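Undergrad: Take a look at the following structure, please.
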Amino acid sequence: DEGAGRGAWWEAFAERMGADLEAAGFPRRRRPAVTAHAPLSDWRQRLDACIDERRPHAAELLFDFRKMAGSLDVSSLEAAAGRAARNPAFLRFLARAAVDRQPPASLRAGARVDLEAQGILPVVLLARCYGLEVGTPARSTLDRLAAAREAGLVSARAHESVAQAYRFLLGLQLRHRLRLLAE
């Protein structure tokens, strides 16, 4: 919270990261409705509001935080995320948002598929929901799926099938992006 007055620096940093990611072949995302740089106390309030107001789409950004380096204590964010496991109504809303993302009905010749929106994202959303339900601190999709398996929410067979499909789709997406970059 002491860095609250350094918003301009963080804005420039975010712009630079976006430009670097775009140069590496990742498409630029639309700007989020809320600023991505904020004091820790603001992030805690956002997590609490997301749960209390049952805003599953806000969860797509908020519950994937990761501490990368430094001495910042993020235990207040971990505690806020932990509240999701004790809020069945929020978890139901989160699960509904996840299953609303349907893969294509068929893969007929010439059909176009958005790998991210129709293949990868549904797995990410369901894994997030399972991860919050079991209270795991894991943030990666595969680790969240493993935690759901260990907690008995997902069978070993279903876990292996979904994890394998997820890895396949990620690899397919990466190969596609690399081909586009090469062209």
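The values are calculated or read from the model by the stated rules, or taken from the named source; none is laboratory data. This is a predicted model, so every value here is computed, not measured. Reconstructed Cβ throughout: ideal geometry from the backbone, glycine too, with neighbour counts over all protein chains shown. Surface accessibility is based on the protein's heavy atoms, side chains included, excluding ligands, DNA and RNA. Shrake-Rupley method; radii C 1.70, N 1.55, O 1.52, S 1.80 Å.
Undergrad: I'd like the full set of residues that are open to solvent by 100 Å² or more (accessible area, probe 1.4 Å) and among the acidic types (Asp, Glu), limited to region 44-60. Spell out the reasoning first.
TA: Quick first cut of region 44-60, residues open to solvent by 100 Å² or more (accessible area, probe 1.4 Å) only: 45, 53-54, 57.
Of everything in region 44-60, just one residue is open to solvent by 100 Å² or more (accessible area, probe 1.4 Å) and among the acidic types (Asp, Glu), namely GLU53.
Undergrad: I've got another one for you. How about region 61-76: which of its residues are open to solvent by 70 Å² or more (accessible area, probe 1.4 Å) and either closer than 15 Å to THR136 by Cβ or part of a loop (DSSP other than H, G, I, E, B) (or both)?
TA: Taking region 61-76 as the starting set, the residues that turn out to be open to solvent by 70 Å² or more (accessible area, probe 1.4 Å) are 61, 66-69, 71-73.
Within region 61-76, ARG66, LYS67, MET68, ALA69, SER71, LEU72, ASP73 meet the criteria.
Undergrad: Continuing with this model, one more query. Out of (1) assigned to a helix (DSSP H, G or I); (2) modelled with pLDDT under 85, the odd one out for ARG54 is which?
TA: Exception for ARG54: condition (1).
Undergrad: Could you grab me the full set of residues in region 129-157 that are open to solvent by 60 Å² or more (accessible area, probe 1.4 Å), in a helix (DSSP H, G or I) and not basic (Lys, Arg)?
TA: Correct list: TYR130, GLU133, ASP143, GLU150, ALA156.
Undergrad: Continuing with this model, one more query. Within region 80-94, can you find the residues that are out of contact with any Pro (no Cβ under 9 Å at 6 or more places or on another chain) and touching a residue at least 24 places away in the same chain (Cβ under 8 Å)?
TA: Matches in region 80-94: ALA80, ARG83, ALA84, ALA85, ASN87, ALA89, LEU91.
Undergrad: Let me ask you something else. For region 159-175, how many residues are open to solvent by less than 80 Å² (accessible area, probe 1.4 Å) and closer than 18 Å to LEU21 by Cβ? I'd like the intermediate steps shown before the answer.
TA: Of all residues in region 159-175, those open to solvent by less than 80 Å² (accessible area, probe 1.4 Å) come to 159, 161-163, 165-166, 169-173.
Restricting the remaining residues to those that are closer than 18 Å to LEU21 by Cβ gives 170, 173.
Residues meeting the conditions: 2.
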